[in-house]
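Here is the structure we will look at, set down as structure tokens.
The values are calculated or read from the model by the stated rules, or taken from the named source; none is laboratory data. As the structure is a computational prediction, the values presented were derived from the model and not from experiment. Here the Cβ positions follow ideal geometry from the backbone for every residue, glycine too, while neighbour counts run over all protein chains shown.
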Amino acid sequence: MSKKIPQPTTPPRERAFLVGAEIHGHKQLLPLEDSLTELALLSDTAGLQVVGELTQKLDHPNVETYIGPGKVQELKALSEETLAEVVIFDDELSPRHQRELEKALGTNVRVLDRTALILDIFAQHAHTKEGMLQVELAQYEYLLPRLTRAWSHLERQAGGGGGRAGSTGGVGLRGPGETQLEVDRRSIRTRIAHLKRELEKVEAHRMRYRAQRKRSRVPTVALVGYTNAGKSTLLNQLTKADVYVANQLFATLDPTTRRVDLPGNNTALFTDTVGFIQKLPTTLVEAFHATLEEIAEADLLLHVVDISHANALNQFEAVQDTLEEIDADHIPVITALNKADRLKSPETAREILKSFPKAVAISALRGTGIDDLLQLVQEELYESYATIDVRLPYQQGALISLFHELGQVERVEHERGGVVMHGRIPGRLVAQFIPWKANSHHTQKDSSRVEEEIREEEV
């Protein structure tokens, strides 16, 4: 008689209770209800089971517990009733908020905020050495001001990166009169410094790679957009590649670059990048600096928008805000309104198109609208020209030659240490000339600044 072998069971997911507050006068791209819906999706992506939510409208956050004392008591009762193991706030909590809330809710409940949740998701999805380094750095910079005496040492893995937290600097060696908390902080600062040095090497490698691409004269197109907008699906459709796709937030962290053929026998390099989100943690933006530079150095941005989403316009604005934060808002943009097949009628799509700049309605999954999109990319990169004034030091000979070779030079003025050039250049080259851009009606102060830059270049 055969004996049935017991199958392994899936461990139960941690139970999470969500908390959101609407602060009077604070700009929030999404309404509170929609922001909590997004937080629930983030929680699900992190492997948590959402068991309830609580909201409150406030004139300003409570100094000690973020939400009011009465709501804290209500939250305690609800978390006990739903057997919640973790409470997640939709905004970033200060170290004091987190500490006081954990005291009030009891030892059986952990308190997290949106930033910690996103960091946890990034830690799960980082697969390359670079991604692991970036996530670990962001985790440590978030953790450092939150260390308390209750911190159970530094023996847990903090997102990868090739070493345990605290493995650099020697946690066990304590100086005279030095508390364990001070030792832990010193150990984390040492680890942060090490991670930054490692990421500087990564950034140097990326800079060499980008310089090589620019010398090849093949323009680059960075796919940007809100998380889960369909960027990876679009890249697969354009290149018949096999970039990982999942119907969840932050499925793609590490940039992927593929060559795409354009109309007119031209080509471009398309790079899929990490998705953006409202309230993107500052620590992540800083840690992912090298990766985000792939966007800032692109010749063209292809902004993918999930047009079927109820908050498509708000998500569009969230991405625009992040592009401004990473100094990429000067790069030409075209918009791909994805998932148009989910709209009720073509008329709806045509109306929506009017709200977005240089937009094409597509379905990355079904392949509709792709030809129109590629034609627009072709026109923007190879057929459209931008009027520009630049003041280039003679040391920037490659850019001077590039302007003469591919641009339409209308006026050249030679000055001490450099040259002023006025004319039109292909749209794909604008990003390379932005650092040297000069207004033809510049003030004396502007002129002095540029001359100073030229002198620095000479040195």
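See the values below:
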| item | result |
| --- | --- |
| Selected residue (criterion: surrounded by the most Cβ atoms within 10 Å (Cβ to Cβ)) from residues of the range 359-409 that are touching a residue at least 24 places away in the same chain (Cβ under 8 Å) and among the hydroxyl-bearing types (Ser, Thr, Tyr) | 363 |
| Verdict on residue 364 being within 29 Å of the chain's Cα centre (by Cα), assigned by TED's automatic domain parsing to the domain that holds residue 309 and at pLDDT below 85 | no |
| Qualifying residues in the range 278-293 (those that are surrounded by fewer than 23 Cβ atoms within 10 Å (Cβ to Cβ) and outside any helix (DSSP H, G or I)) - the one nearest to the chain's Cα centre (by Cα) | 280 |
| Qualifying residue in the range 337-345 (condition: among the acidic types (Asp, Glu), in contact with a helix residue (DSSP H, G or I) (Cβ under 9 Å, 6 or more places away or on another chain) and in the same structural domain as residue 292 (by TED's automatic domain parsing)) | no |
| Conditions (1) at pLDDT 85 or above; (2) out of contact with any Pro (no Cβ under 9 Å at 6 or more places or on another chain); (3) among the polar types (S, T, N, Q): number failed by residue 355 | (1) |
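Each row is one residue, and each column tells you yes or no for (1) of a type in the set (Lys, Arg); (2) modelled with pLDDT under 85; (3) in contact with a Leu (Cβ under 9 Å, 6 or more places away or on another chain).
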{"site": "251", "(1), (2), (3)": "no, yes, no"}
{"site": "285", "(1), (2), (3)": "no, yes, yes"}
{"site": "320", "(1), (2), (3)": "no, no, no"}
{"site": "345", "(1), (2), (3)": "no, yes, no"}
{"site": "348", "(1), (2), (3)": "no, yes, no"}
